[in-house]
């Protein structure tokens, strides 16, 4: 529907996503993190912009991070191609561009005892440098199995990626991670006859990796997860006519952005570093759309740590002037989903949202939080519509019909 | 979509439906029945819960009771199978389980004069016991027509049910009720060639019934309505993993509930009796989901009787503590549609809604009525999403995607 309405111009869009932004009020948590946080800059943005609450998928459905971000980027989060396996998302997220026939696997380094029984599914959360060392060691010994090229790369800490490259592969293979310790890893079972060869290659890889890593103290085994293939996703440039970049530190978010055709930019992890990176590429001027991802709000929400979540929100607020100073034509502050401290998990509750542009229209909202946004001019609306609003507010959409 | 997210737990859901709950304010009716009613318990529920207004079908569409209840139970009210004929719904509602090939007919006992002209389409609204006597009389004389078994049963008062059972039947036959008096009943016309035999069997039944009832003072004729066949509807147990029960006194609501796979429970007609019944089966513990249906709000709305409707709402409020005392994990108070006293009919207006659970999230609503619920945290939302919210709030949905 959108594509024939797209028109080009020089406008710039900044799309700031604060992960797990939304919260709920309960008797035990009478304030959400947004209620509790002191946010003069976000409040001013809400006063001058248009607010609402975005529904990640639909009422009552709690999204994972992948589908939630696809929705933010305007892709149907329920379409199978947008519920992409972690193998593809994380390997893409470290900047590795998969080929259509590749099978991508998210690996965990793990610890097994002498009987092969899992004692730690994350190998004591070994540091990133250890993960890099072990990947290099594996990569040196395992380069090919049964005519299929094996590419091994570190992702983060105990997490790594494996790419199988060659003819006749299939991602229809079950994961080997039993999700609990105290038993042996599962065999990689083919879910279809066409996946039998791939399953046996994965089984061989697991066995070879065990031999190579036998002398490691912690990371002496591997678990194979999120076995998947790169989906066909229309990139931002074609879908919206936008040259786009992603300022995100974590592989999953980088991966989804890359799958949507965004350029990945190296950045530090702190809010200030991310905003500095965004400002730098904004000033360079070769991107129309910059996605910035702030992670820690979600992590604190998952921990039930209201003070921590509030602190990150205040950190975003304190650094917001750096983005405002760029004077983007459209500035959006949104969340991918709610992560209420009361629940210590992702949830289905709609997420506070604000958009500021010349013609956004001003509503009556004067503070950026759940209850104020609820009364905002956008009401409660599907997150998948955010990109259309971004394009409209940047003057990049023609009218539909005469 | 939902099905692969369903997970089982021990949570209990109570879903109270107050028929025709919603109203509208007009110059002649400056208060709705909910505005006028004194409802401390419902107001407390609204204060501690999350509110909104549910759209039975979509904006501007006034639903019948059948589609409105299918929507409440999470089934698309516009899907043909969920707009089931009254024959099926009411016969199912008296506890009779139809077979897939059966044709079900809702009958009215009626009065005709010596020339066969209709003088009363409801046979003077004969009492239920009279209906039972006449059904027994008919059933004794008419057991089979043209190799097809004929099963006759009382429904309520002047309303009865006829089941045609055998091979080669079709429900594609027009009703014989002309909807007005002063003319003769219509012939049962086949709408398709395949329905010709069924039409002739129904014509023969109408004629035989006229002979058997010739000596009756009031109920001396029959009108055939809602000729229909049992639809294929995925039951609650499979769709939601819920063991469910219906506490409803009227056949139509019992019928829809039964078609959705709910167990039907015998109950008295008053609000107190219904809540007592619900409490009894709740305490027995073998149902996860209990639907309770309160009818009289709708009847008073249809009469334009604001005081009457207000009275029933206050009766619900006074008895609400009996449900609260059960401490269900999720308590929902909803309506199937609005029946504004100002209109004396069902209407399209969104219906006040409240849901209370541990993690519903508290909004700013402090009273249960149309104008307050409009400001609630759920906004205006499709009634067909209520079951998803019920499942999410009871912890029965996994997150979608990684």
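The values are calculated or read from the model by the stated rules, or taken from the named source; none is laboratory data. These figures come from a predicted structure and were not determined experimentally. Positions of Cβ are generated from backbone atoms using ideal geometry, with glycine treated the same way; all protein chains shown enter the neighbour counts.
Quick check on residue A:50: is it within 14 Å of another protein chain (Cβ to nearest Cβ), touching a strand residue (DSSP E or B) at 6+ places or on another chain (Cβ under 9 Å) and at pLDDT 90 or above?
Working: within 14 Å of another protein chain (Cβ to nearest Cβ): no; touching a strand residue (DSSP E or B) at 6+ places or on another chain (Cβ under 9 Å): yes; at pLDDT 90 or above: yes.
No; evaluated as a whole, the condition is false for this residue.
Answer yes or no as to whether residue A:58 is in contact (Cβ under 8 Å) with a residue 40 or more places away in the chain, within 26 Å of residue A:175 (Cβ to Cβ) and assigned by TED's automatic domain parsing to the domain that holds residue A:375.
no
Mind telling me which of the residues B:71, B:37 ends up being within 14 Å of chain A (Cβ to nearest Cβ), touching a helix residue (DSSP H, G or I) at 6+ places or on another chain (Cβ under 9 Å) and modelled with pLDDT of 95 or more?
B:71
Determine if region B:135-154 includes at least one residue that is outside the structural domain of residue B:264 (by TED's automatic domain parsing) and at positive phi.
Yes.
Considering only residues that are facing chain A (nearest Cβ under 8 Å) and either surrounded by fewer than 23 Cβ atoms within 10 Å (Cβ to Cβ) or at pLDDT below 95 (or both), which ones fall in region B:345-362? Walk me through how you get there before you give the answer.
At the first step, the residues of region B:345-362 found to be facing chain A (nearest Cβ under 8 Å) are B:358-362.
Within region B:345-362, B:358, B:359, B:362 meet the criteria.
I'm trying to understand the selection: among the residues of region B:250-268, which are part of a loop (DSSP other than H, G, I, E, B) and either without any contact (Cβ under 8 Å) to a residue 24 or more places away in the chain or in contact with a helix residue (DSSP H, G or I) (Cβ under 7 Å, 6 or more places away or on another chain) (or both)?
Correct list: B:260, B:261, B:262, B:265, B:266, B:267, B:268.
Could you please find all residues in region B:100-130 being touching a helix residue (DSSP H, G or I) at 6+ places or on another chain (Cβ under 9 Å) and in a helix (DSSP H, G or I)?
Hits for region B:100-130 are B:123, B:130.
State yes or no: is residue B:378 touching a strand residue (DSSP E or B) at 6+ places or on another chain (Cβ under 6 Å) and either at positive phi or facing chain A (nearest Cβ under 10 Å) (or both)?
Criteria met by residue B:378.
Restricting to region B:363-375, and then to whatever is surrounded by fewer than 21 Cβ atoms within 10 Å (Cβ to Cβ) and within 8 Å of chain A (Cβ to nearest Cβ), can you tell me which residue is farthest from residue B:35 (Cα to Cα)?
The qualifying residue farthest from residue B:35 (Cα to Cα) is B:364.
Could you list all residues from region A:48-68 that are in contact with a helix residue (DSSP H, G or I) (Cβ under 9 Å, 6 or more places away or on another chain) and part of a loop (DSSP other than H, G, I, E, B)?
Within region A:48-68, the subset in contact with a helix residue (DSSP H, G or I) (Cβ under 9 Å, 6 or more places away or on another chain) is A:50-63, A:65-68.
Within region A:48-68, A:56, A:57, A:58, A:59, A:60, A:61, A:62 qualify.
Which of (1) surrounded by fewer than 19 Cβ atoms within 10 Å (Cβ to Cβ); (2) under 16 Å from the mean Cα position of the chain (by Cα) does residue B:280 not meet, given it meets every other one?
(2)
With the requirement that a residue be more than 11 Å from chain B (Cβ to nearest Cβ) and either in a loop (DSSP other than H, G, I, E, B) or modelled with pLDDT under 90 (or both), what does region A:80-99 give you?
A:81, A:94, A:95, A:96, A:97, A:98, A:99
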